[in-house]
Amino acid sequence: MILKGAKYSALGAMLMVVLGCLIFGTDVLSYFHSSANAVKSVVKHSVPVEFELQRARDIIDNIIPELQVNIRIIAEDEVEIAALKNDINDSTEKLAKQKKLVARLRAELDNDTDVYQIDGRKYSRQHLTERLARQFKRYREAEIILASKHKLLETRERSLLAAMQM
């Protein structure tokens, strides 16, 4: 039954197109387009103003929760960015201290003695060399971690900018 109705509808539409082409010629699409615009305009003007106002209120009511979610995301991102900046500053200061320690240990090794005294402790050349190697390894790891924190900060700032634009 449904197929039969669809078949008759398709045949009717084809018949209308053929008749339209015979009557209007190549301008049939222009006439169809103009007719469709006229119907759209009539329908749009027949909608009461009160209905349009209610539609606008509904749109605003749907936007407000989305807006609140975006405001929350922005606030969270701003807090995380501030904390990350503080962490980066702390890490930078610690890295500078580690660099000074590595330089100090390296300078001590330039002195050719059997026993080295650093911060009240005595070290043999081998122990000092091992300590320098450990400190340098920590310094390199701290550099890598600091670089990854900088990348994370850039990503968070881009995320914040995108949330603000929304």
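The values are calculated or read from the model by the stated rules, or taken from the named source; none is laboratory data. Values in this document were obtained by computation on a predicted structure and should not be read as measured data. Note: ideal-geometry Cβ built from the backbone for every residue, glycine included; neighbour counts use all protein chains shown. Note: accessible area is taken over every heavy atom of the protein model, side chains too, but ligands, DNA and RNA are not part of it. Shrake-Rupley method; radii C 1.70, N 1.55, O 1.52, S 1.80 Å.
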How much solvent-accessible surface does ASP119 expose, in Å² to the nearest 10, with a 1.4 Å probe and all protein chains in place? 110
Just to verify a number: FRET efficiency for ALA103 and ARG125, C-beta to C-beta distance, R0 = 22 Å, to 0.05? 0.80
Report the residue, chosen from LEU95, LEU11, LEU109, that carries the largest GNM mean-square fluctuation when the chain is represented by alpha-carbon nodes joined by springs under 10 Å. LEU11
Report the FRET efficiency, 1/(1 + (r/R0)^6), for ILE63 and ILE145, where r is their Cβ-Cβ distance and R0 is 41 Å, rounded to 0.05. 0.50
Considering only protein heavy atoms and a probe of 1.4 Å, how much of the accessible area of the range 36-133 is carbon and sulfur, as a whole percent? 56
Counting each DSSP H run of 4 or more residues in the chain as -39500 (n - 2.57), what helix-only mean residue ellipticity at 222 nm follows after dividing by all residues, to the nearest 500 deg cm²/dmol? -32000 deg cm²/dmol
Around ALA83, under 12 Å between beta carbons, what's the net of Lys plus Arg minus Asp minus Glu among the other residues? -3
Taking θ = phi - 60°, what integer Hz values does the Karplus form 6.51 cos²θ - 1.76 cosθ + 1.60 yield along the range 13-19, in sequence order, with x for Gly and Pro? 5, 5, 5, 5, 5, 5, 4
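Shape verdict for the range 31-82, please, from the Cα gyration tensor: rounded (a/c under 1.5), prolate (a/b greater than b/c) or oblate.
Values: a/c = 8.72, a/b = 2.72, b/c = 3.21.
It is oblate, given that a/c is not under 1.5 and a/b is not larger than b/c.
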Could you give the nm distance between label points at MET164 and VAL18, where each point is 7 Å from its Cα heading toward the beta carbon? 6.5
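What accessible area per residue comes out for the chain, rounded to a whole number of Å², with a 1.4 Å probe? Each step should come with its number before you reach the end.
Details: 13650 Å² over 166 residues.
Value for the chain: 82 Å² per residue.
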Amide proton proximity set for ILE118, modelled H, under 5 Å, gap of 5+: TYR123
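Report the local net charge at ARG55: Lys and Arg +1, Asp and Glu -1, summed over other residues whose C-beta lies under 15 Å from its C-beta. Don't jump to the answer; show the numbers that get you there.
Values: positive: LYS44, ARG57; negative: GLU50, GLU52, ASP58, ASP61.
That works out to -2.
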Output ³J(HN,Hα) for the range 157-166: one whole-Hz value per residue in order, computed from phi by the Karplus curve 6.51 cos²θ - 1.76 cosθ + 1.60 with θ = phi - 60°, and x for Gly and Pro. 5, 5, 4, 4, 4, 5, 5, 5, 5, 5
Report, in cubic angstrom per residue, the convex hull volume of the C-alpha atoms of the chain. 305
The ³J(HN,Hα) series, computed from each phi in the range 116-123 with the Karplus coefficients 6.51, -1.76 and 1.60 at θ = phi - 60°, rounded to the nearest Hz and given as x for glycine or proline, is 10, 10, 10, 6, x, 10, 9, 10
